[in-house]
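Contents: one structure, followed by commentary.
The values are calculated or read from the model by the stated rules, or taken from the named source; none is laboratory data. Because the structure is predicted, anything quoted here is derived from the model rather than measured. Cβ atoms come from the backbone with ideal geometry, glycine included; neighbour counts cover every protein chain shown. In case anyone asks, the SASA skips ligands and DNA or RNA and just uses the protein heavy atoms, side chains included. Shrake-Rupley method; radii C 1.70, N 1.55, O 1.52, S 1.80 Å.
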Amino acid sequence: MTPGSPLLQYRYHLLVFVSALVTAALALVVNGSKPAMAMIAALPAAVVFSTAWLAVDRRLARPEGAYDRGWIALSFVAGLLPLLLSTPYLWHRLVSLPNTEVDYLPNWFVLLSEVLLGIVLIFLLISTLRPGGGPLTRVSRRPWLTLTVLAVTWIAVGSILSILMHRYMHDWGPNTELAVQVLQNAFDERGLLYSTVLQADGASLLGVHANLVFFAIYPLFLLLPRYETILVIAQLAMVAAIFPLYLVARTRLSSSQSLLLALAFLASPTIAGSAGVQDMSEMRFFALPFFFSIYFFQKRRLVPFMVFMLLTMSVREDISLLYFTLALLALLNRRNWRWILFPALLSAAWFIAATHYLIQLSNPAGDFERLKIVYQEYGGSQLGLAKYLVSHPWALVTRAFSSQSNLGLVYGLFQTAGFGIPLLSPLSLLALPGLAENLLVTTGARITINSQNTIIIIVPLFAALASGLLRLAGKLKPGDDASRKRLVSALLVVMLFTCIGSYHVWFTPQRYQPRYNYDAALRVLNQLPEDASVIMPSYMLVFAGKNQSPTGYFQIPYRADLGEEILKEDYVIIDDRVPGNLESFRLFTGREKIVEAVEASSEYELIYAGNDLRLYRRAPVLTRETGIS
């Protein structure tokens with residue numbers, strides 16, 4: 001049997017399959033009731049065997065180049081592995097988990113979709129082997145049309161999922177209603193970007209974060225001032241980032257490879273899961289201007305780079321740290337002094353102005369409270385965190401392995417952002433500030449790969465991935481352009497399907513159907529007057545009327561810290577079934593104080609109780625039936 005024979009090639013393909021499956025089986029035996037761990041154990045094995053196969057392709061290839069078909073087959077086989085390895089997890093959810101709140105029938109649809117996707121990929125493989133290159137070649141000839149189709153699809157799907165999640169009351173965060181209020185009150189006399197769901201009794205958003213980006217969104221929001229509008233705008237901005245990302249990748253890679261990278265970005269759980277898992281976040285506006293700034297940085301066009309740098313820094317004050325890091329990279333690359341001085345001065349000036357002046361002047365307490373709470377371990381400042389990193393250079397590594405949550409975040413980044421390949425590019429250093437904040441800072445929330453706090457990490461890693469791929473291919477295949485292109489494409493295909501195979505991390509069908517006490521929640525909301533002041537759970541906040549004054553549970557600790565009265569509102573809605581994994585979060589710690597206060601008060605009377613919901617009314621207040629907006 002000759003080394004390049006088709007039979008030998010198929011044996012190697014089979015070796016990839018069998019090795020990964022054996023690893024998965026061992027993981028199932030070891031972990032018992034945690035079959036999701038199978039994917040964690042099996043994916044590295046799949047990557048190792050795939051890389052080993054590609055590393056010896058020169059010996060196995062036929063001189064006449066017949067091996068090209070084998071390489072294409074390998075990339076698709078390796079790409080199917082994540083889908084295959086996530087099947088035990090889905091089976092676990094279907095068979096082992098108790099049927100508590102919702103019907104788990106939609107999970108059968110998810111499992112079926114994996115099978116159908118596998119069939120489509122096999123068909124794509126067969127058609128690609130035909131003369132003319134097949135559909136992959138054809139779509140790469142019209143990249144902008146392909147990107148537009150991808151964008152429209154993701155905007156539609158993400159917007160629908162996000163709206164359904166909020167409409168059916170599965171959103172446990174306050175940020176969507178916060179975004180609606182700050183846009184409705186952008187120029188309010190009480191303060192710029194004012195909201196009643198901030199601090200103890202309402203404040204300017206600029207007293208928490210320097211989110212100037214909302215001023216840019218303001219004209220679009222006025223077209224239809226509803227919470228659905230801001231969700232669609234945010235999804236549009238996040239998905240549109242694939243256009244500048246394609247430009248960034250195209251400076252290094254071919255058109256088809258750049259399209260694969262853009263698709264992998266959309267499919268990564270951090271991006272795909274933002275709309276379907278969590279509430280609105282200003283970080284959804286980060287990737288679009290950031291990728292444009294990186295593109296112009298690569299093209300050495302200073303003026304447009306500075307413009308998009310300013311737009312990116314308007315999203316949040318700590319993003320300026322990324323551009324200060326970029327200025328240091330420009331220094332190491334011995335660029336013109338303008339590329340070093342202007343970004344460094346501008347980013348440093350904005351960071352100081354935002355944290356020491358704008359936020360403190362806009363905060364009712366006259367201070368940057370988030371720094372004191374979040375960075376209290378480091379002296380209450382981000383500068384203290386920087387000093388800690390300098391004096392403890394291995395802190396990030398040790399913290400990454402200090403808990404299952406941190407390890408899961410790092411592994412998720414490794415798995416869906418190029419298997420560590422971005423580290424071969426200096427641009428990967430731009431992910432360091434975000435990674436340090438997520439791993440080293442105690443926020444009270446569990447940071448995961450599908451958390452929107454991870455966007456500030458994953459976006460710079462994708463910017464670094466294109467040049468990292470070329471560096472890796474150049475080291476493994478020096479002087480062989482054809483082999484380098486095949487290697488880069490194979491790695492991109494594997495990463496793409498790894499991202500797709502991870503969608504079970506964020507796609508939970510029960511989020512997109514009414515919660516178990518949905519009708520009872522609507523009955524409670526319908527009893528509130530149009531101008532009521534009310535304390536309510538976060539998932540009800542987006543239903544508050546324009547003239548109502550809602551307060552979230554998370555605001556009560558601020559009142560307690562200030563020694564203020566706990567109950568000031570006319571109505572109080574209590575949810576008696578807060579998920580156990582959320583009870584310790586700061587967003588929900590106020591619930592216990594509310595329950596104690598309202599049950600001990602003689603001023604409030606219970607006017608509704610049912611389906612784990614209670615509605616209290618201050619005695620002198622009269623109710624009237626109203627609709628919800």
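Values as computed for the structure displayed
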read-out: Unique residue being buried (at least 17 other Cβ atoms within 10 Å of the Cβ) and either under 15 Å from Leu427 (Cα atoms) or in contact with a Gly (Cβ under 7 Å, 6 or more places away or on another chain) (or both) when the list is Leu331, Leu311, Leu322; value: Leu322
read-out: Filter pass, Ile447 being of a type in the set (Val, Ile, Thr) and modelled with pLDDT of 80 or more; value: no
read-out: Every residue from segment 143-168 that is buried (at least 17 other Cβ atoms within 10 Å of the Cβ), part of a helix (DSSP H, G or I) and not aliphatic (A, V, I, L, M); value: Pro143, Thr146, Trp154, Gly158, Ser159, Ser162, His166
read-out: Subset of segment 169-189 (residues that are part of a loop (DSSP other than H, G, I, E, B) and within 18 Å of Gln555 (Cα to Cα)); value: Asp171, Trp172, Gly173, Pro174
read-out: In segment 346-382, the residues that are at pLDDT 70 or above, assigned to a helix (DSSP H, G or I) and over 21 Å from Val315 (Cβ atoms); value: Glu377, Tyr378
read-out: All positions within segment 386-430 that are open to solvent by 20 Å² or more (accessible area, probe 1.4 Å) and within 16 Å of the chain's Cα centre (by Cα); value: Ser405, Asn406, Gly408, Val410, Tyr411, Phe414
read-out: Qualifying helices (runs of 4 or more DSSP H) (wholly inside segment 233-345; at least 3 residues being of a type in the set (Gly, Ala, Ser)); value: 255-267, 269-277, 320-332
read-out: Residue among Ala210, Ala241, Ala262, Ala272 that alone is buried (at least 21 other Cβ atoms within 10 Å of the Cβ) and over 19 Å from Ala156 (Cβ atoms); value: Ala210
read-out: Any chance Pro426 is of a type outside the set (Phe, Trp, Tyr) and out of contact with any Phe, Trp or Tyr (no Cβ under 9 Å at 6 or more places or on another chain); value: yes
read-out: Number of positions in segment 558-583 that are modelled with pLDDT under 85 and either open to solvent by less than 30 Å² (accessible area, probe 1.4 Å) or among the basic types (Lys, Arg) (or both); value: 3
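Residue-wise test of (1) within 22 Å of Gln360 (Cβ to Cβ); (2) open to solvent by less than 20 Å² (accessible area, probe 1.4 Å); (3) in contact with a Phe, Trp or Tyr (Cβ under 8 Å, 6 or more places away or on another chain).
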{"position": "Val182", "(1), (2), (3)": "yes, yes, yes"}
{"position": "Asn185", "(1), (2), (3)": "yes, no, yes"}
{"position": "Glu189", "(1), (2), (3)": "yes, no, no"}
{"position": "Ser195", "(1), (2), (3)": "yes, yes, no"}
{"position": "Asp201", "(1), (2), (3)": "yes, no, no"}
{"position": "Leu205", "(1), (2), (3)": "yes, yes, yes"}
{"position": "Tyr218", "(1), (2), (3)": "no, no, no"}
